[in-house]
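Here is the structure we will look at.
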2 protein chains.
Amino acid sequence: MTIAAIQKLFREKRLKVTPQRCAIYNMMIHTQSHPTAEEIISHVKQALPMISLNTVYYTLNVFETAGLIMSINNTHTRYDTNLEPHHHLICVSCRKIEDVFDDALNQLHLSQKSDFEIRGYRVEFYGHCLNCQKPGTSIRRNKRLAITHL
Amino acid sequence: MTIAAIQKLFREKRLKVTPQRCAIYNMMIHTQSHPTAEEIISHVKQALPMISLNTVYYTLNVFETAGLIMSINNTHTRYDTNLEPHHHLICVSCRKIEDVFDDALNQLHLSQKSDFEIRGYRVEFYGHCLNCQKPGTSIRRNKRLAITHL
DNA sequence: GCAGTAAATAGTAATTATTACTAAATTGAG
DNA sequence: CTCAATTTAGTAATAATTACTATTTACTGC
């Protein structure tokens, strides 16, 4: 993907075209890793030494809102005493977590071989809990759990 | 589960029986939510006002290591430009993330109905990447990605 | 091309979850 | 009951992320 194509993409998404945004997006599509904000800034600083971490976070949020990227994270570690195999329903609005018991989900496997020595997996369903479905009841704006890719 | 049963459980796991541990575990098995450390301490403080957040984290770590609980979290938000439906392989040692493309995983659904309005889901496989499988190569001790339940 | 406006940037500071360190207290083994 | 090892709780440190804000920049309509 060329710089011109990136600019075109931004315009289509009604995002202002800035050198910082181009550099960040360009770096991200040319890496196979899933970079953190720190990793992004350390690469982008080679071209734009003055860029701030703040701008990186702001830009990533803009990209995610625009549906250009997704983020992989939950803050707040939550602890669960239930050790039966099960998975989770997570409310993207209030962060409430409910258990899901579903035999089919407990028997997933990869169809291809992988270099990883896999020890387990988790399935997390994202959505709105009963309470947060009522209009105006959204307890918490939560950028980080945005699920624009889903 | 009674307090006596909790004490018996701790002894079986060779954990010292302390009022703090009993209170924390007792609170956790009597809630359907997946509490955060903050939520745990605010409940437990009613019985043990002097308890410190430090002790809560230490105790949760002890419980997780003993296989009594599991934690749900990743720190460090990672960003991904690939918006094709896909899932992730996460190395619990060095935190490296790889993409998984597997049609079967893209068609999961819940067998029961739920109150949640589900918008999407993620599958995360945990294990050791090729590099971290070599003995002595474990880059980072990482308590938080412990996967004792898997 | 240019002026005006709204948004973006890059600082600095604040916040928040978690971890580190440590002296004093407590638990369990003998 | 004694003693050693662990646990506790306090203070401080860390680290990721967000808030605030003055200045700069990019796009819109002329």
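The values are calculated or read from the model by the stated rules, or taken from the named source; none is laboratory data. Bear in mind the structure is a predicted one, so any value in this text is a computation, not a measurement. So basically every Cβ, Gly included, is an ideal-geometry build from the backbone, and we count neighbours across all protein chains shown. Quick note on the areas: whole protein, heavy atoms, side chains included, nothing else; ligands and nucleic acids left out. Shrake-Rupley method; radii C 1.70, N 1.55, O 1.52, S 1.80 Å.
Could you grab the pairs with beta carbons closer than 7 Å, sequence gap of 6+ or different chains, first residue in the range A:49-72 and within 13 Å of chain B (Cβ to nearest Cβ), second one near DNA strand C (Cβ under 7 Å from one of its atoms)?
Going by the 7 Å Cβ cut-off, the qualifying pairs are A:Thr59/A:Gln20; A:Thr59/A:Arg21; A:Val62/A:Leu15; A:Ala66/A:Leu15.
Looking at the range B:118-136, is at least one residue of a type in the set (S, T, N, Q), at pLDDT below 90 and in contact with a Gly (Cβ under 6 Å, 6 or more places away or on another chain)?
Scanning the range B:118-136 turns up no residue that is of a type in the set (S, T, N, Q), at pLDDT below 90 and in contact with a Gly (Cβ under 6 Å, 6 or more places away or on another chain).
Within the range A:73-111, how many residues turn out to be part of a loop (DSSP other than H, G, I, E, B), surrounded by fewer than 20 Cβ atoms within 10 Å (Cβ to Cβ) and modelled with pLDDT under 85?
So the count comes out to 9.
Which pairs have Cβ atoms under 9 Å, sit 6 or more apart or on different chains, and link a residue in the range A:34-47 that is assigned to a helix (DSSP H, G or I) to one that is crowded, with 19+ Cβ neighbours inside 10 Å and aromatic (Phe, Trp, Tyr)?
Hits for this filter: A:Ala37/B:Tyr79; A:Ile40/B:Tyr79.
On the phi < 0 side of the Ramachandran plot, charged (D, E, K, R) and modelled with pLDDT under 90: does that describe B:Lys45?
no
For B:Gln20, indicate whether it is away from DNA strand D (no atom under 13 Å from the Cβ) and open to solvent by 30 Å² or more (accessible area, probe 1.4 Å).
no
Test B:Arg21 against the criterion of being within 22 Å of the chain's Cα centre (by Cα), basic (Lys, Arg), assigned to a helix (DSSP H, G or I) and within 11 Å of DNA strand C (Cβ to nearest atom), and give yes or no.
yes
For the range A:56-72, which residues satisfy the criterion of being near DNA strand D (Cβ under 9 Å from one of its atoms) and modelled with pLDDT of 90 or more?
Once the filter is applied, which keeps residues that are near DNA strand D (Cβ under 9 Å from one of its atoms) and modelled with pLDDT of 90 or more, the range A:56-72 yields A:Val56, A:Tyr57, A:Tyr58, A:Leu60, A:Asn61.
Determine if the range A:11-19 includes at least one residue that is hydroxyl-bearing (Ser, Thr, Tyr), assigned by TED's automatic domain parsing to the domain that holds A:Gln133 and more than 29 Å from B:Glu117 (Cα to Cα).
Within the range A:11-19, none of the residues are hydroxyl-bearing (Ser, Thr, Tyr), assigned by TED's automatic domain parsing to the domain that holds A:Gln133 and more than 29 Å from B:Glu117 (Cα to Cα).
Restricting the range A:28-61 to residues that are of a type in the set (A, V, I, L, M, F, W, C) and open to solvent by 30 Å² or more (accessible area, probe 1.4 Å), which is nearest to DNA strand C (Cβ to nearest atom)?
Across the range A:28-61, the extreme among qualifying residues is A:Met50.
Can you tell me which residue in the range A:1-12 is nearest to A:Ile51 (Cα to Cα), limited to those that are more than 11 Å from DNA strand D (Cβ to nearest atom) and within 14 Å of chain B (Cβ to nearest Cβ)?
Looking at residues that are more than 11 Å from DNA strand D (Cβ to nearest atom) and within 14 Å of chain B (Cβ to nearest Cβ), I get A:Ile6.
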